[in-house]
Amino acid sequence: MRWHPNTRGFGFQAALLCMMLDLGFSYQEVSCITIERRGGRGNALTWKNLRSVAHISLSILFRRITTWV
């Protein structure tokens, strides 16, 4: 399967997971150890990332609607 994401940021993970589930794949949750940063400023809540997540959310919604119709 070749798939080129059309998003930059955090939304690509949701898009990839939804697309793979739509194709009939399954998934298994895997635990991982996280290490939190001790200092600095996070960049997760920026306008760029919020726009990216909104864009991919709408893309997933439209893709689901078109498969229902």
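Things to note:
- Mean separation of Cα contacts under 8 Å, 6 or more apart, over the residue count of the chain: relative contact order %: 53
- Shape call, the chain: gyration tensor on alpha carbons, a/c limit 1.5: oblate
- Projecting the Cα atoms of LEU17, ILE56, GLY42 onto the charge dipole of the chain, computed from C-beta unit charges around the Cα centre, puts GLY42 farthest toward the positive end.
- Per-residue ellipticity at 222 nm from helix content only, as computed over the chain with -39500 (n - 2.57) for each DSSP H run of at least four residues, stands at -16500 deg cm²/dmol.
- Couplings 3J(HN,Hα) for segment 24-38, derived from phi with the Karplus relation 6.51 cos²θ - 1.76 cosθ + 1.60 (θ = phi - 60°), are x, 6, 10, 9, 9, 6, 10, 7, 9, 8, 9, 10, 6, 6, 8 Hz, where x marks Gly and Pro.
- Gained length - LEU17 relative to ARG38, 0.36 nm times residue gap less alpha-carbon distance: 4.5 nm
- Degrees, to the nearest 10: 11-22 long Cα axis against longest axis of the chain: 30
All of the numbers you see were taken from the coordinates with simple rules; none came from a lab. Model, not experiment: these values are computed from the prediction. Cβ: placed from backbone, ideal geometry, glycine included. Neighbour counts: every protein chain shown.
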